[in-house]
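> Before I ask anything, let me first share the structure, which is written out below as structure tokens.
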Amino acid sequence: MAWGKAGSTTLTSAGDDINVTSLADNRYYMVLGNASNGVDNPQARFRLNSDTGSNYTTRYSENGGSDATQTSQTSIYLADAQSVGDHCFTVGYIINIAGKEKLIIAHTVNDRGGLGASNDPYRWETVAKHVQTSNPINAINYFNGGAGSWAIGSECVVLGSDFTIAPPTVQDGAVFEETDTNKHYLLDDGTWTEI
């Protein structure tokens, strides 16, 4: 298995939604969300396949505190920002098996505690599920569920697990040197011949 870039979106103007669409059907996804808030107090969230129904359940903790839950929600809660300029970074993993609920693990960190080395970052640990089982994931939305909007340059990158790395193309006339024997081979019409 090799991770490969399945899609990405970077905001060119401030907004609430960072949508990555037209995703191929991969068994696993890794989602990297990087967002700054321009004004007010945004809230980082995930949504799958543009599903705005009450089909999400989330369990999360903030800074290692007690778990909180949100059931029958319209999205997955990831983190809160607190002040203008806060920066959120999320790494999430999603399993995408046909006929099964989509399970999610996510970790989010932000500088809500304040800028500079004397201020601790905040962290959120989230586990969640999307109960829709009939369709594979084809879109992931990293969005602001609170006030304000994400700033220009905020982005979401989605990696898929089912990528294969193609071998390099070698053209006829290429010469290969076997370093341990010092033998040389020539590629002619797709066949290697010792020279």
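> Among the residues of the stretch 151-162, write down those that are touching a Ser or Thr at 6+ places or on another chain (Cβ under 7 Å) and either of a type outside the set (Val, Ile, Thr) or over 16 Å from Val31 (Cβ atoms) (or both).
Ala151, Ile152, Gly153, Ser154, Glu155, Cys156
> How do the strands (runs of 3 or more DSSP E) wholly within the stretch 137-195 filter down when requiring 2 or more residues that are closer than 21 Å to Thr9 by Cβ and in contact (Cβ under 8 Å) with a residue 40 or more places away in the chain: which remain?
Fully inside the stretch 137-195 and qualifying: 140-144, 155-163.
> How many of the residues in the stretch 122-135 are of a type outside the set (Phe, Trp, Tyr) and surrounded by 15 or more Cβ atoms within 10 Å (Cβ to Cβ)?
Adding up the residues that qualify gives 8.
> Which residue, of Asn110, Asn41, Asn49, is at pLDDT 95 or above and surrounded by 14 or more Cβ atoms within 10 Å (Cβ to Cβ)?
Asn49
> Let me ask something additional. Only residues in the stretch 46-69 that are in the same structural domain as Ile105 (by TED's automatic domain parsing) count as the first member; pair them with residues that are hydrophobic (A, V, I, L, M, F, W, C) and in a loop (DSSP other than H, G, I, E, B), Cβ under 8 angstrom, at least 6 apart or cross-chain, and list the lot.
Hits for this filter: Leu48/Ile137; Leu48/Ala139; Asn49/Ile137; Asn49/Ala139; Ser50/Ala139; Asn55/Val131; Tyr56/Val131; Thr57/Val131.
The values are calculated or read from the model by the stated rules, or taken from the named source; none is laboratory data. Please read these numbers as outputs of a predicted model, since none were measured by experiment. Virtual Cβ from ideal backbone geometry, glycine too; neighbours counted across all protein chains shown.
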